[in-house]
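Below is one structure; the comments refer to it alone.
No lab work stands behind these numbers, since they all come straight from the coordinates. Model, not experiment: these values are computed from the prediction.
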Amino acid sequence: MKSISGKDINLGITLAVLFGITIAGGCIKWPLFVFAAIFLFSYIVLDRKKLRCPNCGGFENLDRLMYAKKHVFHCMHCGERINISE
C-alpha cells in the first residue's frame, strides 16, 4: 500500500518555518530574501512530488498531514485512507 513518509512531512514543516523566518529577516537584511526564495522553491518541489495523496494525487494541506501522523485520516478528494509511514 502506498503511503506518505513522516520524514517528508517533517521536512515540509521545517521548510515552511525557515521560509517564515527568512522572509521576516529579509525585511531587516535584504539578502535573506534569496534564502527565502530557495526555501519556498524547495517546499513547492517537495509538495508536488511527495506530499500528495498516494491514491489519487490530490493536494493535502500540511496541517492535515500533521494530524494524519497520529490519527486515522481520509483524503478529501477520493475518500481513501492516507497512510503515514515513519
Can you give the relative contact order of segment 4-85 as a percent, counting alpha carbon pairs under 8 Å and 6+ residues apart? 33 percent
On a 0 to 90 degree scale, rounded to 10, what angle separates helix 6-25 from the longest Cα axis of the chain? 20 degrees
When Rg is the radius of gyration of the Cα atoms in the chain and Rh is its Kirkwood radius, what does Rg/Rh come to? 1.07
